[in-house]
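*Asks:* Quick one: the structure is below, and I'll ask about it shortly.
Readers should treat all values here as calculations from the given coordinates under stated rules, not as data from a laboratory. Here the structure is a predicted model, which means the values were calculated and not measured. With ideal geometry, Cβ positions are generated from the backbone for all residues, glycine too; neighbour counts draw on all protein chains shown.
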Amino acid sequence: MKLKILGSAAAEGWPGLFCECATCAEARRLGGRNIRRRTAYLLDESLLVDFGPDAYWQSVEFGVDLLKVDDILFTHSHADHLNPLELSWRRKGYSQVERTLRVHGNAHVLGRIRRETATPDEKLRLTMQELHSGATFAVGPWTVTAFAAQHASPEEDALNYALHKDGRTIFVGNDTGWWPDSSWEQATPFRFDLAILECTYGMLNPDARSHHLGVASTVAFRDELRRRGCLGDASRVIVNHFSHNGGANHDALREWFAPHGLEVAYDGLEIEL
Ligand SMILES: [Zn+2]
Ligand SMILES: [Zn+2]
Ligand SMILES: [Zn+2]
């Protein structure tokens, strides 16, 4: 099974569109792995996790064949992870679409898609499955378990996912914050072959735990997964979902995380399990 990182930035992208900070200036100068699109993933060829404002660019740049994608799994409704407008082009008169696309997400995600496309699901050829934390469900060939994140508004059930197929389990943990006890307990029986963790605040707020993590709390999150047996010696842990406000470009993040045994994501990184 394969996972491709299509984007590795938080809300504004990196460099931020209008940002005048030194980190963004450096990213514009250096290019390469310092250019980060909004966070999303492709698993094998048929499952996308999140579909944000960079989806068009990502599909072209990384050869995502959207005609082979059967399912989109959304983590939560924030604008860097969900851009309903692009789904509205599935309508008759804009595109010729016969294939049904299955969309899975919490009530806020489905609500935003329905409100902002203002089009009945069947006219978009979408089927929508509402997800809840604590539950396990099928997404195409994948068995997916949802964990409650400590992220988003209290009314929204922001989700992190364990995805299991062919004897392998991937954890997608962007926008976790520091988990509530219920999620730690729910995760304890799992063993992740690959875990993707978030580090939105980078060096700006190293110990952040509310809504997002920083460099030190990301390592602490990994340590807690390890303590509970969720990570083995062969498990890979990759850090993702970075904000330019964190103040460290790719090489500085890599230098910080390498001694801790964590890898730093970049757009286009492909992992084969
Ligand atoms: Zn985000
Ligand atoms: Zn900036
Ligand atoms: Zn978010």
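*Asks:* Go through segment 160-175 and report how many residues are out of contact with any Ser or Thr (no Cβ under 8 Å at 6 or more places or on another chain) and of a type in the set (Ser, Thr, Tyr).
*Replies:* 1
*Asks:* A further question follows. Check whether at least one residue in segment 263-271 is of a type in the set (Val, Ile, Thr), in contact (Cβ under 8 Å) with a residue 40 or more places away in the chain and in a strand (DSSP E or B), and report yes or no.
*Replies:* yes
*Asks:* Identify all residues within segment 171-229 that are in contact with a Gly (Cβ under 7 Å, 6 or more places away or on another chain), within 16 Å of ligand 1 (Cβ to nearest atom) and not in a loop (DSSP other than H, G, I, E, B); write none if there are none.
*Replies:* ILE196, LEU197, GLU198
*Asks:* Hey, ALA138 hits all of (1) assigned to a strand (DSSP E or B); (2) away from ligand 1 (no atom under 16 Å from the Cβ); (3) closer than 24 Å to ASP267 by Cα but one; which does it fall short on?
*Replies:* Going through the list (1) assigned to a strand (DSSP E or B); (2) away from ligand 1 (no atom under 16 Å from the Cβ); (3) closer than 24 Å to ASP267 by Cα, ALA138 breaks only (3).
*Asks:* I'm trying to understand the selection: among the residues of segment 226-240, which are within 25 Å of ALA10 (Cα to Cα) and free of Cβ contacts under 8 Å to residues at least 40 places away in the same chain?
*Replies:* Across segment 226-240, there are no qualifying residues.
*Asks:* Scan segment 147-169 for residues that are in a loop (DSSP other than H, G, I, E, B) and not acidic (Asp, Glu) and jot them down.
*Replies:* Answer for segment 147-169, where residues must be in a loop (DSSP other than H, G, I, E, B) and not acidic (Asp, Glu): ALA149, GLN150, HIS151, ALA152, SER153, PRO154, ALA158, GLY167.
*Asks:* Quick one: how many residues across segment 1-15 are within 16 Å of ligand 3 (Cβ to nearest atom) and either among the basic types (Lys, Arg) or part of a loop (DSSP other than H, G, I, E, B) (or both)?
*Replies:* Total satisfying the criteria: 5.
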